[in-house]
1. Does at least one position in the stretch B:74-84 carry a residue that is without any contact (Cβ under 8 Å) to a residue 40 or more places away in the chain and facing chain A (nearest Cβ under 10 Å)?
2. Taking B:Glu93 as meeting all but one of (1) in a helix (DSSP H, G or I); (2) outside the structural domain of B:Glu197 (by TED's automatic domain parsing), write down the number of the exception.
3. Limited to the stretch B:1-52, what total is found for residues that are more than 11 Å from chain A (Cβ to nearest Cβ) and touching a residue at least 40 places away in the same chain (Cβ under 8 Å)?
4. From A:Lys229, A:Lys186, grab the single residue that is on the phi < 0 side of the Ramachandran plot, among the basic types (Lys, Arg) and out of contact with any strand residue (DSSP E or B) (no Cβ under 6 Å at 6 or more places or on another chain).
5. Any idea how many residues of the stretch B:188-225 are of a type outside the set (Ser, Thr, Tyr) and either in a helix (DSSP H, G or I) or within 18 Å of B:Val73 (Cβ to Cβ) (or both)?
6. Can you name the number of the only condition in (1) closer than 27 Å to B:Leu273 by Cβ; (2) among the acidic types (Asp, Glu); (3) away from every other protein chain (no Cβ under 14 Å) that B:Asp68 fails?
7. Looking at the stretch A:116-133, which of its residues are in contact with a helix residue (DSSP H, G or I) (Cβ under 7 Å, 6 or more places away or on another chain), free of Cβ contacts under 8 Å to residues at least 60 places away in the same chain and closer than 27 Å to A:Ala53 by Cβ?
8. Count, please, the residues in the stretch B:209-249 that happen to be among the charged types (D, E, K, R) and either surrounded by 17 or more Cβ atoms within 10 Å (Cβ to Cβ) or touching a residue at least 24 places away in the same chain (Cβ under 8 Å) (or both).
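The values are calculated or read from the model by the stated rules, or taken from the named source; none is laboratory data. Note that the structure is predicted; figures quoted are calculated from it, not measured. With ideal geometry, Cβ positions are generated from the backbone for all residues, glycine too; neighbour counts draw on all protein chains shown.
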There are 2 protein chains.
Amino acid sequence: MKANLDCIPCFQRQALQAVRFITNDIQVQEQVLRKVITALYDQDWSQTPPQIARIVHKIVKEETKNFDPYSKVKKEYNDRALKLYSSMRNLVEKSENPLLTAIRIAIAGNIIDFGASSSFDLTKTIDSILTKPLKINGFSKLTEVLSKSHNLTYLGDNTGEIVFDKLLIETILNHFEINEIQFAVKGAPIINDATMEDAEYVNLTSIPNIKFIKIGIGIPGTGLGREDKEFLDIIKKSDMIISKGQGNYEALSDQHKIFFLLIAKCPVIARDLGIEIGDIVLKG
Amino acid sequence: MKANLDCIPCFQRQALQAVRFITNDIQVQEQVLRKVITALYDQDWSQTPPQIARIVHKIVKEETKNFDPYSKVKKEYNDRALKLYSSMRNLVEKSENPLLTAIRIAIAGNIIDFGASSSFDLTKTIDSILTKPLKINGFSKLTEVLSKSHNLTYLGDNTGEIVFDKLLIETILNHFEINEIQFAVKGAPIINDATMEDAEYVNLTSIPNIKFIKIGIGIPGTGLGREDKEFLDIIKKSDMIISKGQGNYEALSDQHKIFFLLIAKCPVIARDLGIEIGDIVLKG
């Protein structure tokens, strides 16, 4: 998906949010915003939003010498989600349709997205999403593909959310013949996206036969780009691919094999999917 | 009030909204956005938001050769408000406190602001604001100053809203000894702000002893700047000044003699006033 013109001011809002996590110095904030504006101006706006986002967040990091502006909120939301984990697992286990409930909870976790917004209510979102209709509903296709699959590639999105991804993966392992999992984290901090450190923190590493792949953030050595051949080969070779969140959708919406689970949180994504902001999606 | 860093991406959102009212051509939209970005970069960001907004909207107009991008929605909201006028007047006349009810309706009309947002619900806003507490409540001071005043300067804001301003002015004339009104409109189109044409369209011109003054939009010949000595002298000489909306507040918040009536529609204004978005204000 190409960036929309609406993304350009939105990236600046994101940069301001990030720099404000680091410093209250208005002069530094203005300096970062001016550098971001200059860089955005120089970019080709037909790239995908994540490709442009990398450049924006690289500037924030370099200008402030802080390479993880969201570290505090990342930990906070991991902890909040971990506290909810056992009650969510109970919900799934007692549910008439454990897979669908686990999917709903994993989608609800996608609200923890500092890229799309700066305020959200996690528990309220979970409550509403447990009963909300899926605006795009590929559930039966998903169960069909899952029942024929032996391996699963799961593209994670945010911290906190990753706890509910773990619950969904555990639920899948309980009900389907999957014996190999590849979980994609970011190769270095960007916004509040989950990294390997978060996977360890929430004990995703304890899942049997799980392997991790790293998605790069546009800085050499941080991992594969979602547009790289090597990454697209991983997608091709996987029996089943689940992708979480807006960023993965923006980068990979032209890949038809992927099941996209997300909450539409911005008008550009909502328009692209033909739905409203706040709608929930399982697009297969 | 100085512009906040948050205003910079917001101006770009405004420019996109304006150009989309004129053309669906993405290339023209991108060209306008790039010109706006360049101009914003070159500006001193310690100006007031309306001073910067003028430059932004001048670019949209010049690039598209359309000097009134909001003309259609301006007429639409004048017509919608005119349709509500007699039921609103009934509400005021039957009210225990006609002045307060007319003030509430005039504040509700301030929701018609394409600068702050691109979507709003007029009738829903009126319903809620009729009973909503004024978060900043200078009503008793306002009645006190009104009862000692012989003339009133009223700084209008948006089309549509101007119909409810008329109702408030009529209510004031019915209950106080005001014999002279100066009403400020914009000297040329900017966003959906009311101009002389709108004052005529909604018959504001029929009020006895009303005079109009024009506030400029940064283009020579369109009227006085709110920062000009001549304009500030008008404020000084007035017994009573009522100011509507965010733009007038942004430009004149350091003038202590003014009663500001508005709905807080953006985080910058809300922070400046120490209130939340959606709160209503009668600040004296």
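1. Within the stretch B:74-84, not a single residue is without any contact (Cβ under 8 Å) to a residue 40 or more places away in the chain and facing chain A (nearest Cβ under 10 Å).
2. All conditions pass for B:Glu93, except number (2).
3. So the answer is 11.
4. On the way: A:Lys186 fails: out of contact with any strand residue (DSSP E or B) (no Cβ under 6 Å at 6 or more places or on another chain).
The unique qualifying residue is A:Lys229.
5. Let us first name the residues in the stretch B:188-225 that are of a type outside the set (Ser, Thr, Tyr), namely B:188-194, B:196-200, B:202-204, B:207-221, B:223-225.
Remaining after also requiring either in a helix (DSSP H, G or I) or within 18 Å of B:Val73 (Cβ to Cβ) (or both): B:188-194, B:196-200, B:202, B:204, B:217.
The total comes to 15.
6. (1)
7. In the first step, residues of the stretch A:116-133 are kept if they are in contact with a helix residue (DSSP H, G or I) (Cβ under 7 Å, 6 or more places away or on another chain); the result is A:116, A:118, A:122, A:125-126, A:129-130.
After this cut, where a residue has to be free of Cβ contacts under 8 Å to residues at least 60 places away in the same chain as well, the list is A:122, A:126, A:130.
Selection gives A:Leu122, A:Ile126.
8. Of the residues in the stretch B:209-249, the ones among the charged types (D, E, K, R) are B:211, B:214, B:226-230, B:233, B:236-237, B:239, B:244.
When the remaining residues are screened for being either surrounded by 17 or more Cβ atoms within 10 Å (Cβ to Cβ) or touching a residue at least 24 places away in the same chain (Cβ under 8 Å) (or both), the result is B:211, B:214, B:226-227, B:239, B:244.
Adding up the residues that qualify gives 6.
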